[in-house]
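Structure, as structure tokens:
The numbers here are math on the coordinates, done by the rules we state, and not lab data. Remember, it's a predicted structure, so these values are computed and weren't measured experimentally. Glycine gets a Cβ as well: all are built from the backbone with ideal geometry, and neighbour counts include every protein chain shown.
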């Protein structure tokens with residue numbers, strides 16, 4: 001497998017595929033965890049708590065490993081922008097979960113690969129989507145659009161404002177894709193994954209905390225055991241460990257292929273939402289999931305020699 005001089009791989013190897021599969025499973029379950037915790041933790045407060053908690057974990061991890069996190073390496077501008085996008089993204093997701101199901105949110109958030117595939121040629125010449133990759137993304141988009149139409153017809157499984165939750169999920173996808181482009185198009189592309197993640201967690205934690213106060217979310221922090229478990233899962237397993245792994249992957253592998261592979265997550269989210277929360281598994285959502293799975297195969301098919 002060829003590799004550029006900067007150490008970036010041009011194809012996904014076994015390590016990358018295994019890491020991505022792990023991330024997809026963890027992220028698919030994350031929507032369920034967030035939905036369960038909403039019973040006691042308001043959406044913006046939930047997003048703020050997990051960002052601040054994970055920021056402390058990343059900082060402690062970097063200190064323990066002796067990883068330098070300098071402010072003078074030219075990453076501040078990109079880090080600030082990535083942090084703001086990250087904050088708004090998760091604000092949209094957690095607020096949206098109040099109006100739509102966890103399984104639907106998992107589908108719409110993973111429109112992000114389209115943003116990455118279309119935007120990567122603007123930030124690097126080494127990643128231009130081929131006709132086959134664009135066809136795969138188009139097939140996946142058609143499936144997701146078919147699922148999205150279910151929430152606009154007046155009757156829906158999640159309530160009359162399901163369309164709002166779906167729209168916020170799409171907005172979260174656009175912001176996630178934009179964050180990936182900012183990372184690859186700035187000095188963050190060569191920064192340590194810990195520094196990239198810390199920027200986003202610290203900035204988003206502060207901004208989401210301010211949004212919590214502005215929205216009047218002042219519920220006391222007295223949670224049940226299941227809520228503590230869900231918050232711990234989101235903070236430690238997802239926001240700290242899996243995001244650290246994700247940013248390491250973004251630094252070493254093609255972002256377009258990585259982003260397309262994450263389309264597996266809605267499949268896992270659908271199964272988790274139906275199996276753990278009893279959410280409706282409608283034909284439209286099944287079609288959308290099949291479409292995104294097919295899109296993964298097309299986007300990651302090796303080019304002909």
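Each part reduced to its alpha carbon centroid, the range 68-108 and the range 254-275 end up 17 Å apart. Of 236, 93, the sequence from fewest to most neighbouring Cβ atoms within 10 angstrom is 236, 93.
Here the average projected area of the convex hull drawn through the C-alpha atoms of the range 40-102 stands at 5.5 nm². Its Cα gyration tensor gives the range 72-133 an equivalent ellipsoid. The semi-axes, each the square root of 5 times an eigenvalue, are 26, 22, 6 Å from largest down. If a/c stays under 1.5 just call it rounded; otherwise compare a/b with b/c (prolate if a/b is bigger, oblate if not). Do that for the range 176-295, with a ≥ b ≥ c from the square roots of the Cα gyration tensor eigenvalues. Cα axes put the range 176-295 in the oblate bin.
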